[in-house]
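Contents: one structure, followed by commentary.
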Amino acid sequence: MCSWSEKLNADLSGTMDGSTMKKYRREAYHRVFVNRSLAMEKIKCFGFDMDYTLAVYKSPEYEALGFDLTVERLISIGYPQELCNFVYDPVFPTRGLIFDTLYGNLLKVDAYGNTLVCAHGFNFMKGPEIREQYPNKFIQRDDTERFYILNTLFNLPETYLFACLVDFFTNCPRYTSCETGFKDGDLFMSYKSMFQDVREAVDWVHYKGSLKEKTLENLVSYVVKEPKLALLLSRMNEVGKVFLVTNSDYTYTNKIMTYMFDFAHGPKPGTPHRPWQSYFDLVVVDARKPLFFSEGTVLRQVDKATGHLKIGTHTGPLQHGIVYSGGSSDIMGDLLGAKGKDILYIGDHIFGDILKSKKRQGWRTFLVIPELAQELHVWTDKSTLFEELQSLDVFLAELYKHLDSSSNERPDISAIQRRIKKVTHDMDMCYGMMGSLFRSGSRQTLFASQVMRYADLYAASFINLLYYPFSYLFRAAHVLMPHESTVEHSHVDINDVESPMATRNRSTSSMDIKDTEYKRHHLTRSVSEIKPPNLFPQTPQEITHCHDEDDDEEEEEEEEE
């Protein structure tokens with residue numbers, strides 16, 4: 001009895017019409033989405049970040065804790081006592097916003113710096129107001145002295161805190177609002193200095209304050225315990241090496257991971273419990289990413305009994321069960337015997353995990369985006385809004401259907417335009433006050449462009465890998481340009497088209513070869529009896545162009561031999 005794959009291969013070589021088959025897709029919440037094709041069987045090592053990747057913090061409880069502790073810190077250094085009345089509102093912030101330290105605004109922008117949303121405190125500014133401060137509604141995004149990108153899940157509390165502070169100081173009668181800050185009598189506080197105070201307070205809460213202590217005191221309230229974690233890691237152990245690289249210290253990491261693996265059984269019910277370190281071939285704490293992906297720091301061993309670092313630099317081969325501190329991605333690659341595309345690194349930080357591991361090491365990347373679950377819910381549950389936008393586009397096209405440059409008629413499209421804006425706004429509000437993480441209407445956000453550029457794969461959770469075999473080929477969908485996505489596959493003879501571009505026929509199909517050779521013959525100049533070895537390039541008869549991220553002709557040739 002032949003397997004399903006053997007039957008399918010037989011059909012492919014026979015008469016099966018693939019166009020009649022509906023492509024199988026897994027459940028949306030189990031899906032891994034693909035920007036660049038990736039063959040799982042080529043992956044030798046699976047790497048993980050810990051915070052918000054292996055250990056997902058509960059939202060909004062964890063963000064509210066971080067928000068409250070940061071407010072307490074600001075009050076302790078002199079900020080008004082009234083700030084303690086603010087309560088974290090998860091509906092307001094989203095990741096990927098930019099704080100303008102000059103004007104105190106929160107901006108949602110696209111990949112090029114065009115402003116999509118602008119909020120001054122709790123006030124959402126309209127077009128004319130935005131243009132006063134940002135000509136053409138455009139910012140120089142690379143001006144990092146002025147614009148700070150709030151890209152991580154850890155940034156959510158401070159994103160909302162910036163809005164609270166700006167709104168408070170703008171509207172409180174004790175203070176005089178200025179364009180770049182506010183006054184309290186003779187004292188002037190710029191938005192820049194306020195921003196610096198908040199950033200220092202956030203760092204203090206994370207590194208010196210009680211955030212970690214309060215998290216560990218009540219892990220049930222703040223950390224999601226994933227029951228399938230041990231099962232996935234054990235399956236990864238069977239096909240490759242698994243490593244953990246986290247910026248957290250060993251003591252915190254050990255307590256979090258011990259809780260994550262605190263089940264009566266092992267990977268499956270009926271199997272013995274295993275300590276969390278047994279699932280990893282290599283554990284690195286205090287990694288100091290993104291520095292870890294460049295020069296790194298000194299690699300040292302951790303005394304697991306005390307949590308202290310051992311004296312001296314670690315040398316020698318990889319030892320299973322040893323926990324390391326610091327080091328670099330180069331050192332780690334040597335210890336694991338893997339590098340570049342051998343490694344799939346899974347993390348939540350678009351800059352510290354994904355961008356740097358991709359650009360500096362060439363690792364394959366998997367971005368965890370917990371917000372994706374909500375984004376998918378809106379995409380499916382509010383499908384009527386998306387369908388109405390498509391219908392409005394159809395109505396708009398109908399109005400112009402019989403008009404060309406000779407027409408004096410000007411259709412009244414104002415009602416359609418108003419409806420498009422209203423439906424788009426309603427759609428945005430389904431995601432939250434700042435709209436979708438990935439788009440504003442038809443325009444993609446800066447965050448979305450970074451995901452597409454640097455994350456080979458992405459999903460709401462890395463656990464979704466459980467639903468794919470380790471032989472799976474994650475194949476990227478074709479990214480269509482407007483001239484491809486809006487033009488149907490009907491034959492167009494460019495020689496019949498009234499356009500000067502009709503002369504730009506570059507086709508090399510078999511029907512054109514004779515005509516091409518004839519034209520080339522007449523183009524040949526006999527200015528010398530000695531001719532070049534090749535007068536014209538020949539159309540490639542074998543596959544030479546790279547069509548996909550995981551094209552690897554060397555391996556294919558080895559297999560053929």
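Using a 1.4 angstrom probe, figure out how much accessible area segment 311-395 has per residue, in square angstrom, rounded to the nearest whole.
Here the per-residue accessible area is 45 Å².
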If you filter segment 400-455 for trypsin sites (Lys or Arg not before Pro), then keep DSSP loop positions with at most 13 other Cβ within 10 Å, what is left?
Lys401
For the chain, what is the relative contact order in percent, using Cα pairs closer than 8 Å and at least 6 residues apart in sequence?
20 percent
In segment 348-433, GluC sites (Glu not before Pro) in a DSSP loop with at most 11 other beta-carbon atoms within 10 Å:
Glu409
Full extension between Asn85 and Tyr207 adds, at 0.36 nm per residue less the Cα distance, a length in nm of 41.4 nm
Summed residue charge, Cβ within 15 Å of His402's Cβ, Lys/Arg positive, Asp/Glu negative:
-1
Go through 199-207, 184-192, 102-110 and give me the packing order, highest mean Cβ count within 10 Å leading.
102-110, 199-207, 184-192
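What order do you get for 238-247, 173-182 when each peptide is scored by the mean count of other beta carbon atoms within 10 Å, highest first? Intermediate values should be presented prior to the final figure.
On the way: 238-247: 19.6, 173-182: 14.3.
Result, highest mean first: 238-247, 173-182.
Out of the total accessible area of segment 92-215 (probe 1.4 Å, heavy atoms of protein only), what percent is carbon and sulfur? Mind dumping the intermediate values first?
Numbers: 2790 of 5680 Å².
Carbon and sulfur: 49 percent of the exposed surface of segment 92-215.
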Find the accessible area per residue for segment 251-295; the probe is 1.4 Å, ligands and nucleic acids are left out, and the unit is Å².
44 Å²
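Which helices of the chain meet both criteria: a Cα extent of 18 Å or more along the helical axis and a mean Kyte-Doolittle score no lower than -1.0, with helices taken as whole DSSP H segments? List each step's numbers first, then the result.
Working: long enough: 61-76 (23 Å, 0.19); 156-171 (23 Å, 0.84); 191-207 (24 Å, -0.64); 383-399 (25 Å, 0.64); 414-431 (27 Å, -0.67); 510-523 (20 Å, -1.56).
What comes out of the filter, once short or polar helices are dropped, is 61-76, 156-171, 191-207, 383-399, 414-431.
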Surface/4 estimate of mean projected area, convex hull on alpha-carbon atoms of segment 340-474, nm²
11.9 nm²
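With a probe of 1.4 Å, find how much accessible area segment 106-168 has per residue, and write the answer as a whole number in Å². Before the final figure, lay out each step's value.
Numbers: 2730 Å² over 63 residues.
Accessible area per residue: 43 Å².
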Convex hull over the alpha-carbon atoms of segment 166-259: what's its volume per residue in Å³?
175 Å³
Show me the trypsin sites (Lys or Arg not before Pro) within segment 303-367 that DSSP assigns to loop and that have at most 16 other Cβ atoms within 10 Å of their Cβ.
Lys304, Lys310
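Can you classify segment 214-266 as rounded, prolate or oblate using the Cα gyration tensor, where a ≥ b ≥ c are the square roots of its eigenvalues, rounded means a/c under 1.5, and otherwise it's prolate if a/b beats b/c and oblate if not?
Values: a/c = 2.75, a/b = 1.46, b/c = 1.88.
Note, shape of segment 214-266 comes out oblate.
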Only one of the values (1) 180; (2) 280; (3) 220 was calculated from this structure for volume of the Cα convex hull per residue in Å³; name its label.
(2)
If I compute solvent accessible area with a 1.4 Å probe over the protein chains, what percent of it on segment 236-319 is carbon and sulfur?
55 percent
Note to self: C-alpha centroids of segment 218-273 and segment 106-154 sit apart, in Å, by 40 Å
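The values are calculated or read from the model by the stated rules, or taken from the named source; none is laboratory data. Please read these numbers as outputs of a predicted model, since none were measured by experiment. Don't worry about glycine lacking a Cβ; one is built from the backbone with ideal geometry, like all the others, and counts go over all protein chains shown. Note: areas computed on protein heavy atoms with side chains; ligands, DNA, RNA excluded. Shrake-Rupley method; radii C 1.70, N 1.55, O 1.52, S 1.80 Å.
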